[in-house]
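Each remark here refers to the structure printed beneath this line.
The values are calculated or read from the model by the stated rules, or taken from the named source; none is laboratory data. Everything numeric here is computed off the predicted structure, so don't read it as measured data. Note that each Cβ is placed from the backbone with ideal geometry, even for glycine, and that neighbours are counted across all protein chains shown. Each accessible area value is taken on the protein alone, full model and side chains, heavy atoms only, with ligands, DNA and RNA left out. Shrake-Rupley method; radii C 1.70, N 1.55, O 1.52, S 1.80 Å.
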Amino acid sequence: MEIEVDSSFGDTHIVIVGLPDAAVKESRDRVITAMINSGFKFPMGRTTINLAPADVRKEGPSFDLPIAVGILAANDQAEPRSLTDYLMVGELALTGAVRPIKGALAIALRARADGRRGVMVPVDNAAEAAVVAGIDVLPIQNLREAISFLEGVSAIAPVKVNTRELFEIPPSDEIDMVDVKGQENVKRALEISAAGGHNLLLIGPPGTGKSMLAKRLGTILPPLTLEEALETTRIHSIVGLLHSGQSLITQRPFRSPHHSASDAGLLGGQANPTPGEISLAHHGVLFLDELPEFKRSVLESMRQPLEDGRVTISRAAGSMTFPSQFMLVAAMNPTPDGRMPHESRCSPREIQAYLNRISGPLLDRIDIHVEVPAVKFADLSRARPGEDSNTIRQRVIQAREIQQRRFAGRRVTCNARMTSREMREHVQPDEAILTLLKNAMTDWNFSARAYDRILKVARTISDLAGGGMITSEHIFEAIQYRSLDRQLWG
């Protein structure tokens, strides 16, 4: 956005044009009061403020600071040396102080792309914007300080952030896979899911640890790269979820929306296109507990983002595309009363109606289905703990490194994201494996999409074993993670 201010003779009047929303229109009163309380004079005559381009709706209070600077320059109350070197944003308090705004990281990235010398942002947003290398990030405390700097009267030291040190900060939570007693088969499924970026469905009675296991998946995922961290932080910054002074999200996000979430809450939207839960889970985990309790329309709306890795929101205010490359982890009971089908007191019709809340196409997009049985007393009372998250994570990282070398120079980052082209190049089953898959598809009535999922999971199992050729053992294990859905839904 470019802000133009013109001051001319006539009745004292201030006009803002360029499709401003209510918050932008109200900036007129905030800006004038902030100017007067900062020691400047009330602008006399007609002042016209144009927000270009005129055909794009403007929203939020981020325009306060540049509007104030423009008015002062147009009325000869300030003589800034250059208004094109720096991009500036900020909300003004009535005292003239500059308050934080949303999306500072995205604004800093835009300033660098436009070739600006730097960006002037509120003090609370400076650390966030400073992770963008190549530009000066100037923290602004108040309107008087901004004018003084632009006139060359005073200097402001740019904020610097060491991104390497940010990644070395340990996570604040203390959850670990070592806390989980038993459930070794489920831990194996979680490891495969993390190693290949595969979607996962946990099915079991209440109290078996489904939510506990899902929340610990993030502890075994590989660390974020700097590029992934910038993408993730950018989305959270736009929504305003960054804490004051927080500069970068260095841990993979874990989002767990309630089952009463709406389509707009999950996909994004509302009156103006904004990111939803699936975009906030970008490069992380989206956990849907009690999967059948979600509205059918909400679940079906996720099918396309799961395939494409992005979601496009179209509203009257405009259209926006947000990234949504996330791992879907879902948990559910096998029957309405929570028991396994052979133990349930519900009728077959009630059980089938419960399971039918989840469509076949959505199930096909979930690579791994695993049963979470009740924990045995021997496992609960066992003194010797199992593997910790760091040990499992090292194996996951080694498997991901094999995939990075395999897909070097391409947009594919893990096995779950392989396209048909990559499948032909890197998944080459021999005759024995093809015969095994043929029998499995005949016996279990697998779909063509399930066939691809089995091969992708088998590729990941092979990577965890060192990255060699796919063998029948890998295929057998991958088929095991697809059989449960056919036992329940077949």
Exercise for the section: Only residues that are β-branched (Val, Ile, Thr) and either at pLDDT below 90 or open to solvent by 30 Å² or more (accessible area, probe 1.4 Å) (or both): list them for region 49-61, please. Expected result: Val56
Fill in the blank from the handout: In region 206-234, residues that are in contact with a Pro (Cβ under 7 Å, 6 or more places away or on another chain) and farther than 18 Å from Arg400 by Cβ total 1
Practice task
Return the pairs, sorted by first residue and then second, in which the second residue is part of a loop (DSSP other than H, G, I, E, B), the first residue lies in region 366-377 and is acidic (Asp, Glu), the beta carbons are less than 8 Å apart, and the residues are 6+ apart or on different chains.
Solution key: Asp367/His198; Asp367/Asn199; Glu371/Gly204
Exercise for the section: Would you mind telling me which numbered condition in (1) touching a strand residue (DSSP E or B) at 6+ places or on another chain (Cβ under 8 Å); (2) under 13 Å from Ile147 (Cβ atoms) Arg81 fails? Expected result: (1)
Exercise for the section: Check whether at least one residue in region 169-180 is touching a Ser or Thr at 6+ places or on another chain (Cβ under 6 Å) and either closer than 30 Å to Val31 by Cα or acidic (Asp, Glu) (or both), and report yes or no. Expected result: yes
Handout entry: Selected residue (criterion: modelled with the lowest pLDDT) from residues of region 1-48 that are acidic (Asp, Glu) and either open to solvent by 80 Å² or more (accessible area, probe 1.4 Å) or under 19 Å from Ile147 (Cβ atoms) (or both)
Key = Asp11
Exercise for the section: Could you look through region 406-452, keep only residues that are hydroxyl-bearing (Ser, Thr, Tyr) and in a loop (DSSP other than H, G, I, E, B), and pick out the one that is farthest from the chain's Cα centre (by Cα)? Expected result: Ser447
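A quick yes/no check of all residues on (1) surrounded by fewer than 16 Cβ atoms within 10 Å (Cβ to Cβ); (2) under 18 Å from Val186 (Cα atoms); (3) polar (S, T, N, Q):
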{"residue": "Ala448", "(1), (2), (3)": "yes, no, no"}
{"residue": "Leu455", "(1), (2), (3)": "no, no, no"}
{"residue": "Asp463", "(1), (2), (3)": "no, no, no"}
{"residue": "Gly468", "(1), (2), (3)": "yes, no, no"}
{"residue": "Ser472", "(1), (2), (3)": "yes, no, yes"}
{"residue": "Ile475", "(1), (2), (3)": "no, yes, no"}
{"residue": "Ala478", "(1), (2), (3)": "no, yes, no"}
{"residue": "Tyr481", "(1), (2), (3)": "no, yes, no"}
{"residue": "Leu484", "(1), (2), (3)": "no, yes, no"}
Problem - Selection within region 236-253 - more than 20 Å from Val137 (Cα to Cα) and part of a loop (DSSP other than H, G, I, E, B) - result: Leu241, Thr250, Gln251, Arg252, Pro253
Practice task
Please go through region 142-199 and pick out each residue that is of a type in the set (S, T, N, Q), open to solvent by less than 50 Å² (accessible area, probe 1.4 Å) and assigned to a helix (DSSP H, G or I).
Solution key: Ser148, Thr163, Ser193
Exercise for the section: Provide a single number: the residues in region 254-271 that are in a loop (DSSP other than H, G, I, E, B) and either open to solvent by less than 50 Å² (accessible area, probe 1.4 Å) or of a type in the set (A, V, I, L, M) (or both). Expected result: 4
Practice task
Check whether at least one residue in region 342-364 is in contact (Cβ under 8 Å) with a residue 60 or more places away in the chain, closer than 20 Å to Arg482 by Cβ, assigned to a loop (DSSP other than H, G, I, E, B) and aliphatic (A, V, I, L, M), and report yes or no.
Solution key: yes
Problem - Matching residues, region 78-97, being under 18 Å from Gly245 (Cα atoms), open to solvent by less than 20 Å² (accessible area, probe 1.4 Å) and either aliphatic (A, V, I, L, M) or at pLDDT below 95 (or both) - result: Val89
Practice task
Output the residues belonging to region 468-490 that are modelled with pLDDT of 90 or more, in a helix (DSSP H, G or I) and either touching an Asp or Glu at 6+ places or on another chain (Cβ under 7 Å) or of a type in the set (A, V, I, L, M) (or both).
Solution key: Ile475, Ala478, Ile479
Completion exercise
Just one listed residue, out of Thr233, Thr219, is touching a residue at least 24 places away in the same chain (Cβ under 8 Å) and closer than 24 Å to Pro61 by Cα, and it is Thr233
Fill in the blank from the handout: Residue hits (region 200-222; touching a helix residue (DSSP H, G or I) at 6+ places or on another chain (Cβ under 7 Å) and part of a loop (DSSP other than H, G, I, E, B)) are Gly204, Arg216, Ile220, Leu221, Pro222
Problem - Sole exception among (1) in contact with a strand residue (DSSP E or B) (Cβ under 9 Å, 6 or more places away or on another chain); (2) within 24 Å of Ala52 (Cβ to Cβ); (3) open to solvent by less than 70 Å² (accessible area, probe 1.4 Å); (4) not hydrophobic (A, V, I, L, M, F, W, C) for Arg110, by number - result: (3)
Handout entry: Set Asp308, Asp337: member being open to solvent by 30 Å² or more (accessible area, probe 1.4 Å) and under 21 Å from Thr232 (Cβ atoms)
Key = Asp308
Fill in the blank from the handout: Cβ pairs under 7 Å, 6+ apart or interchain, first in region 151-168 and touching a residue at least 24 places away in the same chain (Cβ under 8 Å), second of a type in the set (Ser, Thr, Tyr) and surrounded by fewer than 11 Cβ atoms within 10 Å (Cβ to Cβ), ordered by first then second residue, are none
Exercise for the section: Tell me, please, whether a residue that is under 24 Å from Ala108 (Cα atoms) and touching a strand residue (DSSP E or B) at 6+ places or on another chain (Cβ under 9 Å) can be found in region 36-43. Expected result: no
